[in-house]
1. Over all Cα pairs of chain A, how is the pair count split among 10 Å bins, expressed in % and running from 0 up to the last occupied bin?
2. With each label point set 7 Å from Cα along the Cα-Cβ vector, what nm distance links A:ASN154 and A:ASP293?
3. Which whole-Hz couplings ³J(HN,Hα) result when phi for each residue of segment A:165-180 is put into the Karplus expression 6.51 cos²θ - 1.76 cosθ + 1.60, θ = phi - 60°, listed in order with x for Gly and Pro?
4. Filter the trypsin sites (Lys or Arg not before Pro) in segment B:208-299 down to the DSSP loop ones having no more than 13 other Cβ atoms within 10 Å, then list what survives.
5. Reachable aspartates and glutamates from A:LYS45, Cα under 12 Å, same-chain residues fewer than 8 places away excluded?
6. What's the Cα-based Rg to Rh of segment B:184-251, Rh via Kirkwood?
7. Contour minus end-to-end for B:LEU299 and B:ALA273, with contour as 0.36 nm per residue of separation and end-to-end as the Cα-Cα distance?
8. Tabulate in residue order the Karplus-calculated ³J(HN,Hα) for segment B:253-263, using 6.51 cos²θ - 1.76 cosθ + 1.60 with θ = phi - 60°, rounded to whole Hz; enter x for Gly and Pro.
Amino acid sequence: MNSSHDPAAGASRRRFCRAGLAASLLAATTGFPVRSPAAELLDLKRDADLLRAYQKMRFSMGPELNIGWLRAKRFAVSQGRVEPLCGLVAATFSRVNRVTDDLFEVIVLEITHYTDFDSGALLQTLTMPFTNQLIEVPAYRFGPAKSRFSVRLNETESFAPAANTNEGEFAAAGQVAMTKSLELSRIHAGDAFLRHEEYGRVYPANTELPSMFYKESTTWSAPLREVADSEQRQVDATVSYAAMTSWRPWMKMGDTPGHTSSNGFGRRARSVEDLPDDFLAYTRETAPDVLDDPLAALTEPEI
Amino acid sequence: MADTLTGTTRRRLLQGLTLSSFGLASLSTEAQADSAAPDLTEPADLLAASIKMRGSLDERLAFIWMRGTRYTLVNGEALPLCGYLGGSITRYRQLADDAYEFLLYEISYYTDLETGEVLQTLRMPYVDREVDVPLYRTGPGRHVVMLANEEELEWSAKKTTGEELARQLAPDAKIYYRFNLRPAVTFRDQVWIRSDSFTRLVPRDTAQPGMFYKEAITYQASQAELARAGSVQVDSLLSFAISTAWRPWMQMGGIDGHTTTDGIGGKELSMAAMPADFLRFTEAFHPDVLDDPAALLKL
C-alpha cells in the first residue's frame, strides 16, 4: 500500500478490495475511554458520544478481540435488469488500535465467502449475468489493515494491491477518495439505531481502466440503555447492511454497464465458535489460521 | 387448512397488484394456536412465521413504517437525494397452505435530508431542474404472498388512488412481477426472514422508457416469540433496500441512472404507535387516513 503513513488509507483500500462485502462488519476495539470515567450516560446528540456509541456497538471500548458476521445476497444490475448473482457470508476480526475524541482506528481482518445464491454452497466458479461468461471466484481475505471512523470523515489516499495477494482482483492501483458519516437514525422501542454511510471511488492510475465505486449503508441497533451506559464496554448489536459497487475485475464484465447491489444483516459473535456454521466450514477450507488464532492474524501490520 | 392454490387462482388473486410490493403470509389463528414450535424449513411454517413478523395471523390491521435515505446513482456517483418515510396499512388472510391474501395501502413522504420535513419541491442533480414532489398515496392493493411467484399484471392510471398521481409514478404499462421469500436464518435467539421482489414495467406507449423496481425486505424477530404457542404476531424490526428507475415526476429523461433507498422500519399494531413525524405529516396531508385506516383497505 502506498499510503502507509496515513492510517486512514487502510480503510479506503479495504472497502474497495473487499469483494464487495459491504459491511465492514463488526470490528473490535480496544477501549480507551475517551471521556471521563464516571458513570455518566452518553448523549447521542453530541458527536463525541455518538462516535463512542458506535464504537461499542460495532467494536468495543477496550482492546479485546471483536468478531462480527454478515450474511447477504448480491444482485447484478444492468440497465433496468436485476439478476441474482450470489450469496455471501463474511466476518471481520478486529481490535481498536487508537482513539481520540473525534476519531477511532481499528485493525481489521476480513474474510468473505461467495456462495451459491440459493443453496449457500461455496462458489468456485460463477456464470455472470448479462455476459454469460463462466468465471473463477476468488477467495477473499483482506487485512490486517487499519480503518478509521469518525462522525464525518473525508480522506483520499493512494492504493496499490499488496504483493503476493489477489487484491488486484478486487481493485486496480490508483487514488481512492472515501467519505464516511455517522448519525443517530432513531430511538425506537428502547433501541438505538445508528446509521453509518461509506462512499468511495477509485480512480485507477491506468486511465484506460474504468473508475470504481463502493457505497455502503449500515444501521446498527442495540438496547439504548446499554449503548448509553458509559460503563459498558461493548453491546450485542445487530446490523442491517446495503451496498452497491462497481463490477470487480474478477467478474470480467468489460464494458457491460451496471453494478452489483447487495443487502443483508449481521451480528456480533462472542467467540470464533459462535460464528455461523457455514462461515466456519468455509473458513476451515480457505483460511484455517484465522480460526485457530484470530489475534495472531491481526498482529502482522500490513506492508 | 385450505388447499394449495392453482396457478389460475393465483393469477386472479394477483390482479390489482401495485407497483411496490411487500410480501407476507399468514396461517389461520386456530391452526396456529395448537401447533408445536414451527419448523422454519417447512414452507407453511416459514410462511406463517413471516406473517407473524410482518402482520398478524388473526386478520387484524398491522401498520408498517420504513425510514431511509434515497440516493441517485449515475455512472458510479451516489448523491443523497432525500429522506424517505413510508407507512403502510396492511391486513393478512390465509388463502391456502402456501398463500396469503395481503391487503395494502401505502402513504409515503419524501423529506428534506436536513430538516426531515416533507418536500414540496426538489432540485434534481444532473439536470439541475426544480421539480414538484408528489404526495405518494396508493391503494388499496390486493396481493398474494407465497414462497415464490411470477405474475403478469397491469398498471393503469384509472385504477389507482388518483389518476394524476398514478401518471407521475408510472405510465400505463404491463407489469412483470417476481417475488421470493427466502429461507429463514437463525442465530442465537433471533430469526431473520428475507423477501425479494422485482417488478419491471413495459409502458403501453412504446416511446416511453421501461421502468424497474427492486425491493428486498428483511424482518427480524425473537425465535422464542415465534415459537410461543398461540402467538398470532410478534414484535419485529425490518431493514430494506430498494432500487428503482427514475419516476416520471423526477424528469430525469436521458440520464442513465436510477435511485436507491435503504433503511430500517418496524411493525405497529395501532396507527397511534407509528412514528410521530409520520403521524404529523399524515394529519396535515391525509387526515382521512388517521380517521379510519381500516376503511382504506376496502376493495
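1. 7, 30, 36, 21, 6, 1, 0
2. If labels sit at A:ASN154 and A:ASP293, their model points lie 4.4 nm apart.
3. Residue by residue, segment A:165-180 yields 10, 9, 4, x, 6, 10, 7, 8, 4, x, 9, 10, 10, 9, 10, 9 Hz.
4. Of the trypsin sites (Lys or Arg not before Pro), the ones in loops of segment B:208-299 whose Cβ has at most 13 other Cβ atoms within 10 Å are B:ARG228, B:LYS298.
5. A:GLU183
6. Across segment B:184-251, the Cα-based Rg/Rh ratio is 1.23.
7. Roughly 6.9 nm would be gained on extension.
8. Each residue's phi maps through the Karplus curve to give x, x, 9, 7, x, 7, 10, 9, 9, 8, x Hz.
Read-outs throughout are calculated quantities, based only on the coordinates presented, and are distinct from any laboratory measurement. Note that this is a predicted model, so its numbers are computed, not measured. FYI the Cβ positions are ideal-geometry reconstructions off the backbone, even for glycines, and counts take in every protein chain you see.
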